[in-house]
Structures are given as structure tokens and as C-alpha cells.
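The values are calculated or read from the model by the stated rules, or taken from the named source; none is laboratory data. Since the model is a prediction, treat every value here as computed from it, not as a measurement. Cβ placement follows ideal geometry from the backbone for every residue including glycine, while neighbour counts extend to all protein chains displayed.
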Amino acid sequence: MAGLQRERRDCAYQRQVFLVEPLGFVTPSAARRIGYAESLAFARVHEEVYRAHGRRLIAAPPAPVRARVALTEAHLRGLADPPAERAEGVPDPADLT
């Protein structure tokens, strides 16, 4: 709990969080013992908790791995190289997610 309080006070982490959306199936394994319906409930809990803690979610929709990586890289590049100026009324691309 102290770690959460310190993080809120110091803003040590980015407010944006990548939320990898379900692919539409679950492949059982020794470590993964829940079914698809349970995985969706688990995903909803993550989303609710992140939002409750003031995080802004960036959706990574179902897609091949390369497409998700490209989406992630594009967002990270935008964070690293923000435009110097933005014309009035033009939204920040990060706010479009």
C-alpha cells in the first residue's frame, strides 16, 4: 500500500497504460488454467483498477503480434518526440486512444 501511495504522490510512472485486449480464445497451459469467459472477467478487473487509479488506457486490439508491436512503438515514439507546437483545435494523438 505504501508503494501505491508513493507512486500517486511522486507520479513515478506514466499515466498511460497499454491494455492488450483478448484475442478471442484462450489456450490452456500449466500456468493458464482459466477459460475464455473467465479471462474476459479478469480483463475487465484490470481495466477497472487501472481507471480507478487514474490511468489512461491505450487499447491494443486483437491483431497479430507484429501489428500490436507496431501500435505500441508508434505510441512510444509519440511520447518520446512530442510535437513542438500543435495548432489550436488539433487534438493530441495520444488523446485519440
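Summary table
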read-out	value
Unmet criterion (only one of (1) under 21 Å from Pro22 (Cβ atoms); (2) surrounded by 10 or more Cβ atoms within 10 Å (Cβ to Cβ); (3) modelled with pLDDT of 90 or more) for Ala74	(1)
Residue match in region 46-53 (condition: at pLDDT 90 or above, surrounded by 13 or more Cβ atoms within 10 Å (Cβ to Cβ), of a type in the set (A, V, I, L, M) and not in a strand (DSSP E or B))	no
